[in-house]
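Quick notes on the structure that follows.
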């Protein structure tokens with residue numbers, strides 16, 4: 001449940017921002033169209049987005065899609081698709097839990113090269129979705145996450161295919177850098193924040 005509620009139990013906005021700090025945070029959101037709280041409202045609610053906007057949009061969104069699915073296939077289709085969305089939510093959050101070693105240090109030498117966190121490369125998510133999670137933490141901006149020979153990356157193949165078709169203008173691929181540093185150069189795994197791994201293990 002901790003992982004399922006991570007956005008509110010450890011990834012929520014800090015509640016002790018100064019007026020200047022909050023103004024900077026709010027400035028990052030201005031272009032999104034979100035109704036941004038005033039500093040006084042932020043201190044009351046502990047959020048950047050207005051609760052009225054957030055919950056109102058959520059209700060309108062769900063109402064629209066339930067109605068659209070209802071007209072296509074009745075309550076059966078609408079309930080089925082909403083149920084599928086709930087399963088997706090649960091499985092994604094469950095992956096985040098297992099993809100970080102279930103809170104334990106489970107790194108494998110020669111496979112997991114980023115030791116600054118608990119992320120690990122798992123075979124099933126990697127092969128099915130290109131979700132080589134430790135590689136992703138090592139190179140978060142890379143479109144490719146499968147670096148080792150057996151690490152099939154279907155998401156990367158899709159992005160690269162779109163690039164060849166002219167539908168993607170540019171991408172970042174860090175595989176050569178990974179090979180140069182960790183395979184040819186035999187660099188040691190990154191462990192600058194080892195104390196954090198030990199603290200949360």
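Does residue 55 count as modelled with pLDDT of 95 or more and either farther than 17 Å from residue 18 by Cα or in a helix (DSSP H, G or I) (or both)?
Working: modelled with pLDDT of 95 or more: no; either farther than 17 Å from residue 18 by Cα or in a helix (DSSP H, G or I) (or both): yes.
No, not satisfied.
Listed here are the residues, each with its yes/no results for (1) modelled with pLDDT of 95 or more; (2) surrounded by 20 or more Cβ atoms within 10 Å (Cβ to Cβ).
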site	(1), (2)
153	yes, yes
157	yes, no
164	yes, no
173	yes, no
184	no, no
201	no, no
Every residue in segment 145-176 that is within 15 Å of the chain's Cα centre (by Cα) and either within 16 Å of residue 120 (Cα to Cα) or part of a loop (DSSP other than H, G, I, E, B) (or both), please. 145
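Sort out which residues of segment 105-126 are in a helix (DSSP H, G or I) and exposed (fewer than 13 other Cβ atoms within 10 Å of the Cβ), and write them in order of number.
Scanning segment 105-126 gives 123, 124.
Mind counting the residues in segment 121-155 that are touching a residue at least 12 places away in the same chain (Cβ under 8 Å) and closer than 22 Å to residue 190 by Cβ?
24
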Condition first: crowded, with 16+ Cβ neighbours inside 10 Å and assigned to a loop (DSSP other than H, G, I, E, B). Can you find one or more residues in segment 81-104 that meet it? yes
Checked segment 35-52 for anything under 17 Å from residue 12 (Cα atoms), in contact with a strand residue (DSSP E or B) (Cβ under 9 Å, 6 or more places away or on another chain) and part of a loop (DSSP other than H, G, I, E, B); matches are 37, 48, 50
For segment 22-45, which positions are surrounded by 11 or more Cβ atoms within 10 Å (Cβ to Cβ) and under 22 Å from the mean Cα position of the chain (by Cα)? 25, 26, 29, 34
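The values are calculated or read from the model by the stated rules, or taken from the named source; none is laboratory data. What you see is a predicted model, and the numbers here were worked out from it, not measured in a lab. As a convention, Cβ positions derive from the backbone with ideal geometry for all residues, glycine included, and neighbour counts pool all protein chains shown.
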